[in-house]
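Here the structure comes first, spelled out in structure tokens, and everything after it is commentary.
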Amino acid sequence: MIYKFAAADMDGTLLNDKNEITPYTIEIIRQAAAQGLIFSICTGRPIQGVERYQKQLGIQGPVITYNGAMILDSADGRVLYRQELKADDARLILEAGLNYDTTMCIWSDNKLYGNKLNNRIQEYSQATKVTPLLMPSIDELLAQGITKILWYDDVSQIQQIEKELRKTAHFHNVTFCTSKPFYLEFFNSKVSKAAAIDCIGKLYDFTPAETIAIGDGFNDLSMIRYAALGVAMENAPDGVKESADYITARTNNEDGVAEVLEKFVL
């Protein structure tokens, strides 16, 4: 099988626990790109949280952000695709978050807003180097458009909230899932990493049969199931590994992404 495209999640996949791409993995990605592979970072982060890593890779191509809600061309920053939350759904999510008194990280117009400017949102913002702003009224946010909402809380609280929402939530066009055990993310139900790869395939002329997707989180499941070669990292939870065609022998701290490209591309 000749693979034309590979997408890799960032946190827990492409990045090690120091939030770095190792020089070895960078070299392997460059070698694969030199052979014609289109390689895309595919993340829940905004573009600000991707830019420096894209520069380190030294390659150009599509970049998937906000779990697929926005795709950009790294060469010129053009937005190739975007899909925001429906206003009615975003209002319900924001109101529910206020009722739960959880920390909300809200992405609107590529800016980060929070209902509380506490240690949690400050820590969350470190990955993107975006200074969080105190959220204005819900109506003002909705007028701007909301790309993604993330709730940040204790793991036990996130588990309880997710369980309750699965039973009681009345969102009409929303997908929500954990990306880390303490993050619960909400985005338009048309949005997924799989849908983003499908969109890129139409733009760059490749099929699902020619794709690799590598991830470690439950927000990676859609692309792992979509790709001809769906890969779970060794450090992924069992629920993700069960859906994978291949599980890396090495973790994100041991160049697991490089392992996949060496084995199946190079």
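What to note about this one:
- First in the stretch 102-122 and closer than 14 Å to residue 187 by Cα, second anywhere and open to solvent by less than 30 Å² (accessible area, probe 1.4 Å) and of a type in the set (Lys, Arg), Cβ under 8 Å, 6 or more apart: 106/148; 107/148
- Being surrounded by fewer than 20 Cβ atoms within 10 Å (Cβ to Cβ), in contact (Cβ under 8 Å) with a residue 60 or more places away in the chain and out of contact with any Gly (no Cβ under 7 Å at 6 or more places or on another chain) holds for only one residue in 31, 60, and it is 31.
- Selection of the stretch 115-134 for residues being in contact with a Lys or Arg (Cβ under 7 Å, 6 or more places away or on another chain) and of a type outside the set (A, V, I, L, M, F, W, C) yields only 128.
- Positions within the stretch 194-219 being buried (at least 24 other Cβ atoms within 10 Å of the Cβ) and modelled with pLDDT under 95, in sequence order: 217, 219
- Candidates in the stretch 148-179 are the residues that are part of a loop (DSSP other than H, G, I, E, B) and more than 30 Å from residue 6 (Cβ to Cβ); of these, the one that is least open to solvent (accessible area, probe 1.4 Å) is 153.
- Cβ-Cβ under 6 Å pairs, at least 6 apart or on other chains, the stretch 245-266 side touching a residue at least 24 places away in the same chain (Cβ under 8 Å) and within 19 Å of residue 38 (Cα to Cα), far side of a type in the set (Lys, Arg) and open to solvent by 70 Å² or more (accessible area, probe 1.4 Å): 256/250
- Residue in the stretch 63-91 that is least open to solvent (accessible area, probe 1.4 Å), counting only those that are under 18 Å from residue 187 (Cβ atoms) and charged (D, E, K, R): 89
- Residue pairs meeting the criteria (Cβ under 8 Å; at least 6 apart or on separate chains; first among the basic types (Lys, Arg), in the stretch 200-225; second in a helix (DSSP H, G or I)): 225/194
- A single member of 55, 4 is of a type in the set (Lys, Arg) and without any contact (Cβ under 8 Å) to a residue 60 or more places away in the chain, and it is 55.
- When 201, 217, 230 are checked against the criterion of being over 22 Å from residue 90 (Cα atoms) and either within 14 Å of the chain's Cα centre (by Cα) or of a type in the set (Lys, Arg) (or both), 217 stands alone in meeting it.
- Of the helices (runs of 4 or more DSSP H) entirely within the stretch 220-265, those holding at least 2 residues that are out of contact with any His (no Cβ under 7 Å at 6 or more places or on another chain), of a type outside the set (A, V, I, L, M) and farther than 19 Å from residue 207 by Cα occupy 238-241, 256-264.
- For the stretch 53-65, the condition of being under 30 Å from residue 169 (Cβ atoms) and either outside any loop (DSSP other than H, G, I, E, B) or in contact with a strand residue (DSSP E or B) (Cβ under 9 Å, 6 or more places away or on another chain) (or both) holds for at least one residue.
- Whichever residue in the stretch 96-147 is part of a helix (DSSP H, G or I) and small (Gly, Ala, Ser) and, among such residues, is nearest to residue 170 (Cα to Cα): 96
- For the stretch 180-193, residues that are open to solvent by 30 Å² or more (accessible area, probe 1.4 Å) and either assigned to a strand (DSSP E or B) or without any contact (Cβ under 8 Å) to a residue 40 or more places away in the chain (or both) total 4.
The values are calculated or read from the model by the stated rules, or taken from the named source; none is laboratory data. Bear in mind the structure is a predicted one, so any value in this text is a computation, not a measurement. A quick note on method: Cβ atoms are made from the backbone with ideal geometry, for glycine too, and the neighbour counts reach across all protein chains shown. Remember, those area values only see protein heavy atoms, side chains included, never the ligands or the DNA or RNA. Shrake-Rupley method; radii C 1.70, N 1.55, O 1.52, S 1.80 Å.
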